[in-house]
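Remarks on the structure that follows.
All of the numbers you see were taken from the coordinates with simple rules; none came from a lab. Just so we're clear, the structure is a prediction, and the values are computed from it rather than from any experiment. Backbone-built Cβ (ideal geometry, glycine too); neighbour counts: all protein chains shown.
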Amino acid sequence: MPLPTVIALIALALGFGLQSQGRLPDRVKSWIAQGLIQVLYPSLIFSALLLRLNKDSLSALWVLPFLVAMTLLLGLFAGLALENKLGLSQDSQKRSFRFLCLLPNYSYLPLMVAQALWGDYGITLVAIAGVGADLVLWTIGVPQIMVNRRFEARRLLLNPPLIALVMALLLLQTDFASLRTVIHPILEPLRSLGSATIPVSMLLLGAHLGRPTRGGKFNKAHGALLMLRLLLIPGALTLLFTFFPSLLAPLPRQVLILIASMPGAIIAVVLSEIHGASPNFAARHILLGHGLWLLTGPLWLWLNFHLG
């Protein structure tokens, strides 16, 4: 098992243990969540894009991040249509449900799977696909989990992850080779800082899984969410590529299917904590979803490989 995975699982267990013993107060979890969004995640975005991509690689595969963005929006529209029909009486639950419909786990697990299946080029494709996901997340996605979407959306232009993403994309459009000597010394430290994003996220996830909850209350909503994320969305893409096989080359297509077949992203727990949504709802979905993905995800990859 790769070392980053081992560290992430240890962080998950640590968060669960500390929460179960009452040693992780809510204010501490809030500080950790703020540090994750304000510092760690922006460092990861900025360094990953500039270390893995260049202008040519991004422009040659623009269809991939575009289709990822469209897939996220499809999930959001489905969430908006379903949220009032599934017994979610509280607004906080609806906001977490809507956000999980929008955002799959498009980074950590896909990176590990892509590296195992397709090597370094697979990692590069996941990074390119992540550009589309990041743009949707920090512009359209985050307001869905906020209490006041219309008012809070204005503040998104000043949020660190979006600033880091825009700066990286602008730098990739310049003659980056001439700037490399200036920028490179800071990229490795930023990459090291950003590498803490996943373990810290897993720590928070473990803490929310360790909370005592009243089981079974949201089964209907969880069932609909799992069906949407694990079956309906990858099924719709598979149907699309069956009729339009030339829309995307085989390997980028597999990366898109990999991301689209994922359950909700771990960051949903963090953002639910920050914006007063339902981190327990998000944590329960992520636990169930990633367990079930071990069955459904390989099936979609196998099916699309043979269709391609």
Top positive-direction residue, dipole computed over region 157-308 with Cβ charges, set Pro161, Ile267, Val255: Ile267
Given Cβ charges of +1 for Lys and Arg and -1 for Asp and Glu, the option among Gln93, Ile128, Phe46 whose Cα lies farthest towards the positive end of the dipole of region 46-142 is Gln93
Pick out the long, greasy-scoring helices in the chain: whole DSSP H runs spanning 30 Å or more along their own axis by Cα, mean Kyte-Doolittle at least 0.5. 279-307
Sequence of Ile198, Ile267 once ranked by neighbouring C-beta atoms within 10 Å, starting from the fewest: Ile198, Ile267
Which value, in debye to the nearest 20, gives the size of the charge dipole of the chain about its Cα centre, when Lys and Arg are +1 and Asp and Glu are -1 at the Cβ? 880
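Given DSSP loops and a limit of at most 10 other Cβ atoms within 10 Å, what is the longest stretch of the chain that contains no such trypsin sites (Lys or Arg not before Pro)?
Details: sites that count: Arg23, Arg214.
Longest stretch, sites excluded: 24-213.
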Who wins for biggest fluctuation among Leu179, Leu40, Leu80 in a Gaussian network model of the chain, springs between alpha carbons below 10 Å? Leu179
If Ser57, Ser92, Ser43 are placed from fewest to most neighbouring beta carbons inside 10 Å, the sequence is Ser57, Ser92, Ser43
Given Cα pairs under 8 Å that are at least 6 residues apart, what percent is the relative contact order of region 3-307? 33
